[in-house]
Amino acid sequence: MRRFIILSVLACAGSAASTQAEIFNIDFGDPGQQSAYLGWNNIVSNASGGSSLNRLVEGSGPLSTVSLTMTDPFYPGSNQNGTTTASSAIAFIFPPQATGDSFFGSVVSVGGVTEPTGGYTLAGLDPTGATTYTFNFFTSYIGATDNRETAYKLDGANSRTAYLNPSNNTSEMGTATGVVPDASGHITLTVSPGPNNNNPSGFYYLGALQIVSVVPEPASISALALAGAFLRRRLPRDGPAREWLS
């Protein structure tokens, strides 16, 4: 019985440990394939302008104070060979306009342009360290016969990297969790070929991105403290805890 009570306290505390605060949906690609939906941000190829946004629209519609600035250009054009019939799980998050195109770059010259990396900087994020961010990437290139794995490296107060192979992709995302902005509220994204990329040109892609911020609930802090206090009071003074819980 005591084991049930203590596990229940910990479960309740853990279930309230965090809450979703904001969502940012971003479609990178061709100006002719923009996502015209509430809560979507469109970043078009740097050949067409509009490659940065001073204020991102939050998922529920309002303007935020978060900005997205291109700090490392991609190829001045777009890939339009992405899927428009993604799996239901992907389609629930990303519309066909977002999955059907993307930015790209390469480690060798393509059309006289070499862009071995491309990147963006997010600013205006929570600088306190209390908020963490999850990044979900989707990119697709239908018809490829090689591995075009792309690395999405995120740097703030910590570093995380997500990997995704866009080749014939209709159902997979690359995800990085627990990313914390630096003391200035910045997170830098660097996109490049991944370690498994065997394309002769080293093509890499940036198509659609969902950013989810998660902050701890004040109530959850109290709940966790209560759970800790309960544990301290109920644990036996002598003998290992595992014997009491068994």
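Inspect region 183-193 for any residue being among the aliphatic types (A, V, I, L, M), open to solvent by 50 Å² or more (accessible area, probe 1.4 Å) and at pLDDT 95 or above and give the result as yes or no. Yes; the residues of region 183-193 include at least one that is among the aliphatic types (A, V, I, L, M), open to solvent by 50 Å² or more (accessible area, probe 1.4 Å) and at pLDDT 95 or above. Somewhere in region 96-117, is a residue open to solvent by 30 Å² or more (accessible area, probe 1.4 Å), in contact (Cβ under 8 Å) with a residue 40 or more places away in the chain and under 16 Å from the mean Cα position of the chain (by Cα)? Scanning region 96-117, I find no residue that is open to solvent by 30 Å² or more (accessible area, probe 1.4 Å), in contact (Cβ under 8 Å) with a residue 40 or more places away in the chain and under 16 Å from the mean Cα position of the chain (by Cα), so the answer is no.
The residue of region 22-77 that is least open to solvent (accessible area, probe 1.4 Å), among those that are closer than 25 Å to TYR204 by Cβ and among the acidic types (Asp, Glu), is ASP27. Restricting the first member to region 43-66 and to residues that are among the basic types (Lys, Arg), and the second to residues that are assigned to a loop (DSSP other than H, G, I, E, B) and open to solvent by 30 Å² or more (accessible area, probe 1.4 Å), the beta-carbon pairs closer than 9 Å and six or more apart or on different chains are ARG55/THR65; ARG55/GLY124. Going residue by residue through region 45-53, is there one that turns out to be modelled with pLDDT of 95 or more, closer than 18 Å to SER192 by Cβ and more than 19 Å from the chain's Cα centre (by Cα)? Looking for residues that are modelled with pLDDT of 95 or more, closer than 18 Å to SER192 by Cβ and more than 19 Å from the chain's Cα centre (by Cα), one finds none in region 45-53, hence no. Tallying residues that are at positive phi and assigned to a loop (DSSP other than H, G, I, E, B) within region 160-180 yields 1.
The values are calculated or read from the model by the stated rules, or taken from the named source; none is laboratory data. Bear in mind the structure is a predicted one, so any value in this text is a computation, not a measurement. No Cβ is skipped: glycine too gets one built from the backbone with ideal geometry, and neighbour counts run over all protein chains shown. All accessible areas refer to the heavy atoms of the entire protein, side chains included, with ligands and DNA or RNA removed. Shrake-Rupley method; radii C 1.70, N 1.55, O 1.52, S 1.80 Å.
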